[in-house]
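The block underneath contains the structure these notes are about, expressed in structure tokens.
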Amino acid sequence: MERRKLDANEVGEALKALPGWALEEGKLKKEFKFGSFAEAIGWMVAASIYADQIDHHPEWFNVYNRVRVALVTHDMGALSTLDLALARRMQALAGE
């Protein structure tokens, strides 16, 4: 998978195709809500398998049926193609 920093235009265009995601403090952020704790954890496990495959791991926080996600490529100090790939997969896994 290509790994490169995104410019502001690329981030803006990507956000148009990522409903519910926002750029905050230099990170892509979204809160996902599920029907139960088990659904939330199942989604996190599925997302973590993909994250591990692309070697890009999210910041996230779970309480009951909600998962807050923040994505940034720390070693680049910016958003990258990896963040978009993971956001897209998370959307798909959530059925969005």
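A few points about this structure:
- Residue in the stretch 84-95 that is over 23 Å from Asn9 (Cα atoms) and in contact (Cβ under 8 Å) with a residue 12 or more places away in the chain present: yes
- Residue list for the stretch 7-44, restricted to those being within 23 Å of Val67 (Cβ to Cβ) and assigned to a loop (DSSP other than H, G, I, E, B): Ala17, Leu18, Pro19, Gly20, Trp21, Glu25, Gly26, Phe34, Gly35, Ser36
- Which numbered condition Thr73 fails, given (1) of a type in the set (Val, Ile, Thr); (2) over 16 Å from Leu18 (Cα atoms); (3) open to solvent by 20 Å² or more (accessible area, probe 1.4 Å): (3)
Let's see how each residue does on (1) open to solvent by 80 Å² or more (accessible area, probe 1.4 Å); (2) in contact (Cβ under 8 Å) with a residue 12 or more places away in the chain:
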site: Glu13; (1), (2): yes, no
site: Phe32; (1), (2): no, yes
site: Gly35; (1), (2): no, yes
site: Ile41; (1), (2): no, yes
site: Ile49; (1), (2): yes, no
site: Val63; (1), (2): yes, no
site: Arg68; (1), (2): yes, yes
site: Ser80; (1), (2): no, yes
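The values are calculated or read from the model by the stated rules, or taken from the named source; none is laboratory data. Because the structure is predicted, anything quoted here is derived from the model rather than measured. When we count neighbours, we look across all protein chains shown, and the Cβ atoms used for this are built from the backbone with ideal geometry, even at glycine. For the accessible areas, the whole protein counts, side chains as well, though only heavy atoms, and no ligand, DNA or RNA atoms are used. Shrake-Rupley method; radii C 1.70, N 1.55, O 1.52, S 1.80 Å.
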